[in-house]
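Every number here is computed from the coordinates shown, using simple stated rules; none is lab data. Model, not experiment: these values are computed from the prediction. So basically every Cβ, Gly included, is an ideal-geometry build from the backbone, and we count neighbours across all protein chains shown.
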Amino acid sequence: MKIRDIFEHNEKWIAERLRADPDYFVKLSGPQKPEYLFIGCSDSRVSVESLLGTKPGDVFMHRNIGNVIPSNDLNALSVISYAVNHIRIKHIIVCGHYNCGGVKAAMTARDEGLLNPWLRHIRDVYRIHRNELNSIDTPGRRFDRLVELNVVEQCINIVKTRDVQKALLEKRISLHGWVFDLRTGRLIDLKINLEKIMDEIMDVYNLFE
Ligand code: CO
């Protein structure tokens, strides 16, 4: 696809929208009120709106390599804080994907230069779950499992934040861990048991009495 094609598509898209609804852009430029915060990988194959069937205005979004939420990433934390406290979204979704290049790189002993500190967040997930991961004989299955465990650990990282803890205590948000399978197109709910996780970790991470 050439740059020129993108602008031609844009003109066609505007015309189509206006044909369907002359007020489309009046409505679009009004305040946003999405119910979902989607945290996913930057991977070009993960096309969020077509995957979820959502429209502009439905999903607030944050994406980075490997969908990780480091404790000092002001970018990710600002997105979460704004989504939870100002937009007052109802659901946070962490969505990884199989065949993730970031997860693959984190499983490989190689110097990735500037990417090393970022990939280390995923290497740390490997270390936490090394017994389970090392017991998986098939490399492809081990790769898939690290994608899933990375989603679980990033959900835990989100629970560690003040704003999310507070919103969970007030029972106004729920947290979901999903994986997108590029090989089948299927969206898989990992059915993360948040209450069990919180029971296990909140004695360490609790910020509120
Ligand atoms: Co990825």
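Mind checking which lysines have their Cα closer than 17 Å to the Cα of Lys12? Skip sequence neighbours fewer than 8 apart in that chain. Leaving aside lysines fewer than 8 places away in the same chain, those within reach of Lys12 are Lys2.
Peptide packing: for 61-68, 141-148, the average count of neighbouring Cβ atoms within 10 Å per residue gives the ranking 61-68, 141-148, highest mean first. Residues Glu195, Glu112 in ascending order of nearby Cβ atoms (within 10 Å, fewest first): Glu195, Glu112. Divide the volume of the convex hull around the Cα atoms of the stretch 36-205 by the residue count and you get 122 Å³ per residue. Spin-label pair Arg120-Ile136: with each label point 7 Å from Cα along the Cα-Cβ axis, the two points sit 2.5 nm from one another.
Going from the residue with the fewest nearby Cβ atoms within 10 Å to the one with the most, Ile89, Ile188 rank Ile188, Ile89. Close amide H contacts of His97 (hydrogens built in the peptide plane, cut-off under 5 Å, sequence separation of 5 or more or a different chain): Phe180.
Report the FRET efficiency, 1/(1 + (r/R0)^6), for Arg4 and Asn99, where r is their Cβ-Cβ distance and R0 is 25 Å, rounded to 0.05. Calculated value: 0.20. Protection proxy ranking of 179-185, 154-160, 20-26, 74-80, by the mean of other Cβ atoms within 10 Å over each peptide's residues and highest first, is 154-160, 74-80, 179-185, 20-26. Taking other C-beta atoms within 10 Å as the exposure proxy, Lys2, Lys166 rank Lys2, Lys166 from fewest upward.
Once the Cα-Cα distance is subtracted from the 0.36 nm per residue extended length, the Ile201 to Arg17 segment shows a gain of 61.4 nm. Mean-square fluctuation check for the chain, GNM, Cα pairs under 10 Å: which of Ser42, Ser71, Ser50 is largest? Looking only at Ser42, Ser71, Ser50, the biggest GNM fluctuation is shown by Ser50. Length gained on full extension, Glu112 to Thr184: 22.9 nm, using 0.36 nm per residue less the C-alpha separation. With 0.36 nm allotted per residue and the present C-alpha distance subtracted, the Ser42-Ser78 stretch has 11.2 nm of extension available. Calculated [222 nm] ellipticity per residue, helices only, for the chain: -14000 deg cm²/dmol; basis is -39500 (n - 2.57) per DSSP H run with n ≥ 4, divided by all residues, nearest 500. List the aspartates and glutamates whose Cα lies under 15 Å from the Cα of Lys196, skipping any in the same chain that are fewer than 8 positions away. Counting by Cα, and skipping residues close in sequence, Lys196 has these aspartates and glutamates nearby: Glu153.
Computed from the C-beta positions of Tyr24 and Leu194 and an R0 of 45 Å, the FRET efficiency is 0.75 to the nearest 0.05.
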